[in-house]
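**Q** The structure that follows is given in the form of structure tokens.
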Amino acid sequence: MKCMFTARNMIVFFSMLSIEALAQGEASYKIPPKAIMDLALAKPTPLVSIDHNASWMIIMERSGYTTIEALAEPELRIAGLRINPANFSPSRSTYFTRLQLKNIKTKEVFEIAGLPEKLKAGSLQWSPDESQFAFTNNTPDKVELYRVSVPEKKAYKVNKAPLHTVMGSSFSWAGNGTLLYKVVASGLKVLKLKPSAPKGPNIQEYKGQAGASRTYEDLIKNPHDEALFQYYATSQIAKSDLASEMLIGAPAIYSDIDISPDNNYLLLQRIKKPFSYLIPHYGFPKTIEVAGMNGDPVKILADNPSSEGSPIGFDDVVTFSREFNWRNDEPATIYFVKALDKGMGRSKADYRDAVFSTVANSHEPPRELFKTKMRFNRIQWANNHFALVYEDMNATRRTRMEIFDPSTGKLDSLFERSSNDAYSNLGMPVMVKNQYNRNVIWTSKDNQQFLLTSEGASSEGSMPLIQSYDLKSRKAQVLWRCQAPFYETVVDVIDPAKMIFITSRESQTEAPNYYVRDLRKKSLIGTPITDFKNPYAELEGVRKQKISYKRADSIQLTADLYLPKDYEVKKDGALPVVIWAYPREYKSAADAAQVRGSKYSFTRINYGSPIFWVTQGYAVMDNTEMPIVGEAGKEPNDNFIPQLYLNAHAAIQAVAKMGVGDSNRVAVGGHSYGAFMTANLLAHTRLFKAGIARSGAYNRTLTPFGFQAEERTYWQAPEVYYKMSPFNYADSIKTPLLMIHGEADNNSGTFPIQSERLYNAVKGHGGTVRLIFLPFESHGYAARENILHMLWEQHNWLDQYVKNPKKEASAEGQGKKAM
């Protein structure tokens, strides 16, 4: 049969080529509508730091988005780190661009003299007596250290050698007149450029027991990478008396430096070779040792091997000693943890962990403090007669709080609950500074009472509170709870004995501000100590409510519903809907049904929020609950897809029954695991008109040793991995799907190739799909140009396929496609 290629055919053919070329070649940045752009570029509310007397406040203005030019600057991605090679610092940091001092009593605000002209401040720390504070300042070629005298309101540069902030903490106060920090080591052999031709192949070999490892980005790949890591991670310890600088010890790869409470010793953790090609730097071989403040060796605590090949379950740990820390209530005592079950969380064992302690200058063997029946989580110290120990197990979702008496070694269970059960959470103990300027639990003089702050989760939502706990009666008494219509939390302690605290209070219409509150009198003291205004004028008049509804199996769900300004359901009718969500796993339907968040909190906007579209005439459901429940011995993911459908269908029906949402014009979206959810909903249902999936993973065989809360490997549960991978159902994705991914995503598992492969699979089966790679972006996005373009893409996608869709069969009528 002869092909008749007419002039009309040629016009259609070249028109199609032009459309395809446009779709593939659009390279210029776009901007979203003004209302969306104004919200995205709103000046961030300053952060504050208040001294313990509530006398002085540091006001810290935050930088806005960075630029694409800044992201494009040279960056080393190696050993799980992202390094700025020009100044030996992390390459993707946020900064404070302005610092001011405020006298809380007089309300007077002071500019600080002597600050760097182009301020990029970070890591602010008060001195122990709070007469000064210190901070780092990043410049294009070095990191500096400054201190500010509060009485003088003046900044002074401290360091002589450039700081090294690639790994670990930037600096620490060692008393009021001494600062300890890491500097760039001098005399290191300058690295040559990477050779154009390798000396040989890159080889990895493993012999012995099973050596599973999770999927990580930015790993060492070859000998040149090893040399780069050694060069850029090596630092030198320095100490300043605020006038002169002294170098301490020898250069090394210090992953952590911690000063003892009495300021007489250093707890040092040094990374050593061989470096792994399979895990990030924190799993490399490491020596843990105690040194004097001048660097003199005192003793080696551990010489740990690489964690490569260690078990990787969520309840698994390394078999060697771990978690070395100073005990906050003693001058120089170190505690650490060691597994008693060979590190295998799923093995049967009477005890999982043992906690040991040793005094810095003692050469006696470490003594055992206590054993835990679950996996040790953390300990919070009060004094020699009281501490709180936390242990938990991920597999059972159980967590336990215990009382530990260091003087007797007695460990006594205080409270146990499901880690998913927010309603029964006692909260966290109120902490105060002790004589060593360390945080310890505040207790009454007889050690029989302590205070706890809690979110106050309940069926009414979060209503933060403070309660006292009596150890004799084992009962808690609520002393204060925030009152509607406010959301108010305790953020700092002035005098726990007198019940004077600093709180942050907000409402749906009032931006968060700080207050001094007398909890005994249940009253505020004076006027607010800050006066921050609503930065989001475009949201004024927008209605927010926390709605509650049930899915078909009667599990109660909630979402934050936003409706446009001046919207009236009788006049305006049902709106197009944007549902934004992130699935979470539970072992109990009752825990899954709990209400999370507050209906009284102030609405905050970040670049990834869906709330932008309430300004464009959409009903927006944010924080839409998508619980995945596994009960009666089943894992949550055994029924992942059916439960996604139940959640999504219930959400759509909820707003449809209210009359505010059009069930035939609904979009679903999410970031990371929310993107994975989105692709699955589009593959297995016909509930939506469009989907937005950002920085997701779609083929679970590429994360074969577990993902999210799934602990089973691909080889243990191949059907789960197959059914949960929307890539395997790409031929069923016919709902328009917008995919966005950071080109330099560093998150474990969400490799950019995940989006590339799903895009090609959907495209190959005739689906409607668009893929945008944002240049230089990581798992979270940073550059102004990329973020505004992302918002433009999302806006266009929603308008084209949701607000003004082509007439098709009812999405509600089609309902489920596959299960």
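**Q** If you wrap a convex hull around the C-alpha atoms of region 252-303 and split its volume per residue, what is the figure in Å³?
**A** About 73 Å³ per residue, rounded to a whole number.
**Q** Continuing with the same structure: At a Förster radius of 25 Å, what calculated FRET efficiency corresponds to the Cβ-Cβ distance of LYS157 and ALA250, to the nearest 0.05?
**A** Efficiency, rounded to the nearest 0.05: 0.45.
**Q** Something else about it: Could you state how much accessible area VAL430 has, in square angstrom rounded to the nearest 10, with a 1.4 Å probe and all protein chains kept in place?
**A** Result for VAL430: roughly 10 Å² accessible.
**Q** Could you estimate the translational diffusion coefficient of region 519-563 from the Stokes-Einstein equation, with Rh from the Kirkwood formula over C-alpha pairs, at 37 °C and 0.692 mPa s, in whole µm²/s?
**A** 221
**Q** Using a/c under 1.5 as the rounded threshold, could you call region 581-670 rounded, prolate or oblate? The axes a ≥ b ≥ c are square roots of the C-alpha gyration tensor eigenvalues, and prolate needs a/b larger than b/c, oblate otherwise.
**A** Taking the square roots of the gyration eigenvalues as a ≥ b ≥ c, region 581-670 is prolate.
**Q** Given labels modelled 7 Å from the Cα in the Cβ direction, how far is it in nm from ARG757 to LEU340?
**A** It works out to 4.3 nm between the two label points.
**Q** Expressed as a fraction of 2.2 N^0.38 Å, the rule-of-thumb size for a compact globular protein of N residues, what is the C-alpha radius of gyration of region 446-535?
**A** 1.16
**Q** Amide H to amide H under 5 Å from ILE525: which residues, 5+ apart in sequence or cross-chain, H placed 1.01 Å off N in plane?
**A** Long-range HN contacts for ILE525: VAL516, ARG517, ASP518.
**Q** Can you classify region 32-149 as rounded, prolate or oblate using the Cα gyration tensor, where a ≥ b ≥ c are the square roots of its eigenvalues, rounded means a/c under 1.5, and otherwise it's prolate if a/b beats b/c and oblate if not?
**A** Because a/c hits 1.5 or more and a/b fails to exceed b/c, region 32-149 counts as oblate.
**Q** Summarise the long-distance tail of P(r) for region 253-396 by giving the % of C-alpha pairs beyond 27 Å.
**A** For region 253-396, the share of Cα pairs beyond 27 Å comes to 24 percent.
**Q** Quick one: ranking TRP480, TRP792, TRP715 by accessible area, 1.4 Å probe, largest first, what do you get?
**A** Largest accessible area first, the list is TRP715, TRP792, TRP480.
**Q** Let me ask something additional. With the cut-off at 1.5 for a/c, could you classify region 160-289 from its C-alpha gyration tensor as rounded, prolate or oblate?
**A** oblate
**Q** Treating region 687-819 as a set of equal point scatterers at the Cα positions, no solvent, please give the Debye-formula log₁₀ I(q)/I(0) at q = 0.14 Å⁻¹.
**A** -0.72
**Q** While we're looking at this one, here's another question. On a 0 to 90 degree scale, rounded to 10, what angle separates helix 640-658 from the longest Cα axis of the chain?
**A** Once rounded, the angle reads 70 degrees.
**Q** Apply the Karplus curve 6.51 cos²θ - 1.76 cosθ + 1.60, θ = phi - 60°, to the phi angles in region 342-353 and return the couplings in whole Hz, x for Gly and Pro.
**A** Karplus values, whole Hz, x for Gly and Pro: 6, x, 9, x, 8, 7, 7, 7, 5, 9, 8, 9.
**Q** Solvent-accessible area of GLU719, probe 1.4 Å, all protein chains present, reported in Å² to the nearest ten, please.
**A** Approximately 130 Å² of GLU719 is accessible to the 1.4 Å probe.
**Q** Where nothing but the Cβ of Lys and Arg (+1) and of Asp and Glu (-1) is charged, how large is the charge dipole of the chain around its Cα centre, in debye to the nearest 20?
**A** Roughly 1140 debye for the chain.
**Q** Give the long-range amide H neighbours of ARG327: residues separated by 5 or more places, or on another chain, with amide H under 5 Å away, using H modelled in the peptide plane at 1.01 Å from N.
**A** Here THR333, ILE334, TYR335 satisfy the definition.
**Q** Once Lys and Arg get +1 and Asp and Glu get -1 on their Cβ, which of GLY767, ALA197, LEU788 lies farthest toward the positive end of the dipole of the chain?
**A** GLY767
**Q** Leaving out same-chain residues fewer than 8 places away, which lysines sit with a Cα under 16 Å from that of LYS199?
**A** Within reach: LYS221.
**Q** For GLN716 paired with ARG481, estimate the spin-label separation in nm (one decimal), with each label point 7 Å from Cα along the Cα-to-Cβ line.
**A** Inter-label distance under the simple model: 4.1 nm.
**Q** Cross-link list LYS342/LYS373; LYS157/LYS189; LYS338/LYS373: which exceed 19 angstrom alpha carbon to alpha carbon?
**A** LYS157/LYS189
**Q** Taking region 124-193, how much of its Cα-Cα pair set, in percent, is spaced more than 18 angstrom apart?
**A** 42
**Q** Equivalent-ellipsoid semi-axes (√(5λ), Cα gyration tensor) for region 86-239, whole Å, largest first?
**A** 41, 17, 15
**Q** What residue among HIS779, ILE83, GLY633 has its Cα farthest toward the positive end of the dipole of the chain, where the charges are +1 on Lys, Arg and -1 on Asp, Glu, each on the Cβ?
**A** With unit charges placed on the Cβ atoms, the residue in question is GLY633.
**Q** Work the Kirkwood hydrodynamic radius out for the chain: mean of 1/r over every pair of different alpha-carbon atoms, inverted, in Å.
**A** 29.5
**Q** So, with a 1.4 angstrom probe, what is the percent of accessible area on the chain that is carbon and sulfur?
**A** 52
**Q** Could you work out how much longer the chain between LYS734 and LYS43 gets when fully extended? Use 0.36 nm per residue separation minus the Cα distance between them, nm to one decimal.
**A** Here the segment from LYS734 to LYS43 would lengthen by 244.8 nm.
**Q** A further question follows. Taking the Cβ-Cβ separation of ARG520 and SER473 as r and a Förster radius of 22 Å, what is the calculated FRET efficiency to the nearest 0.05?
**A** 0.60
**Q** Out of PHE96, ILE248, ILE112, whose Cα points farthest toward the positive end of the dipole of the chain (charges: +1 Lys, Arg; -1 Asp, Glu; placed on Cβ)?
**A** PHE96
**Q** Work out how much length ASP566 to THR287 would gain on full extension: take 0.36 nm times their residue separation and subtract the Cα-Cα distance, in nm to one decimal.
**A** That works out to 94.1 nm of additional length.
**Q** OK, next. Can you compute 3J(HN,Hα) from phi for each residue in region 589-598, using the Karplus curve 6.51 cos²θ - 1.76 cosθ + 1.60 with θ = phi - 60°, rounded to whole Hz and x for Gly and Pro?
**A** Each residue's phi maps through the Karplus curve to give 5, 5, 5, 5, 7, 5, 7, 10, x, 10 Hz.
**Q** Another question about this same structure. Accessible area per residue, 1.4 Å probe, Å², for region 322-408: what's the number?
**A** That works out to 44 Å² per residue.
**Q** For the chain, what does -39500 (n - 2.57) per DSSP helix run (n ≥ 4), summed and divided by total residues, give at 222 nm, in deg cm²/dmol to the nearest 500?
**A** -4000 deg cm²/dmol
**Q** Pairs LYS118/LYS153; LYS153/LYS239; LYS43/LYS118; LYS102/LYS498; LYS550/LYS803; LYS182/LYS272: which are spaced more than 22 Å apart, C-alpha to C-alpha?
**A** Where the Cα-Cα span goes over 22 Å, the pairs concerned are LYS153/LYS239; LYS102/LYS498; LYS550/LYS803.
**Q** Quote the Stokes-Einstein diffusion coefficient, in whole µm² s⁻¹, for region 725-793, based on the Kirkwood radius over alpha carbon pairs, a temperature of 37 °C and a viscosity of 0.692 mPa s.
**A** Here the translational diffusion coefficient equals 260 µm²/s.
**Q** Taking every pair of Cα atoms in region 310-370, average 1/r, invert it to obtain the Kirkwood radius, and report Rg/Rh to two decimals.
**A** 1.04
**Q** Continuing with this model, one more query. Compute the helix-to-body angle for 7-25: its Cα long axis versus the longest principal axis of the chain, expressed 0 to 90° and rounded to tens.
**A** Here the helix axis deviates by roughly 10 degrees.
**Q** In whole Hz, what ³J(HN,Hα) sequence does region 772-781 give by Karplus (6.51, -1.76, 1.60; θ = phi - 60°), x for Gly and Pro?
**A** My calculation for region 772-781 gives 10, 9, 8, x, 6, 7, 8, 5, x, 9 Hz in order.
**Q** If r is the Cβ-Cβ distance from GLU323 to ASN747 and R0 is 30 Å, what FRET efficiency results, to the nearest 0.05?
**A** FRET efficiency, GLU323 to ASN747: 0.75.
**Q** If you line up the long axis of helix 223-233 against the longest principal axis of the chain, both from Cα atoms, how many degrees apart are they, to the nearest 10?
**A** 50
**Q** Cα convex hull of region 671-745: mean projected area in nm², to one decimal?
**A** Mean orientational projected area (region 671-745, Cα hull): 5.0 nm².
**Q** Treat every Asp and Glu Cβ in region 211-344 as -1 and every Lys and Arg Cβ as +1, leave all other atoms uncharged, and give the resulting dipole magnitude about the Cα centre to the nearest 20 debye.
**A** Roughly 360 debye, rounded to the nearest 20.
**Q** Right, here's the next one. Taking a cut-off of 15 Å, what percent of all Cα-Cα pairs in region 407-488 are separated by more than that?
**A** Of the Cα pairs, 65 percent sit more than 15 Å apart.
**Q** How large is the accessible surface of THR408 in square angstrom, using a 1.4 angstrom probe and rounding to the nearest 10?
**A** Solvent-accessible area, nearest 10 Å²: 100 Å².
**Q** How much length would be gained if the chain were fully extended between LYS221 and SER459, taking 0.36 nm per residue of separation minus their Cα-Cα distance, in nm to one decimal?
**A** So the chain would gain 80.6 nm between LYS221 and SER459.
**Q** Enumerate the amide H contacts of LEU774 below 5 Å, restricted to partners 5 or more residues apart or on another chain; note that Pro and chain-start residues carry no placed amide H.
**A** Those lying under 5 Å, H to H, from LEU774 are HIS741, GLY742, GLU743.
**Q** What whole-number distance in Å separates the alpha-carbon centres of region 255-320 and region 96-153?
**A** 32
The values are calculated or read from the model by the stated rules, or taken from the named source; none is laboratory data. Values in this document were obtained by computation on a predicted structure and should not be read as measured data. Please note: Cβ atoms are built from the backbone with ideal geometry, for glycine as well, and neighbour counts cover all protein chains shown. Only protein heavy atoms, including side chains, enter the accessible area calculation; ligands, DNA and RNA are left aside. Shrake-Rupley method; radii C 1.70, N 1.55, O 1.52, S 1.80 Å.
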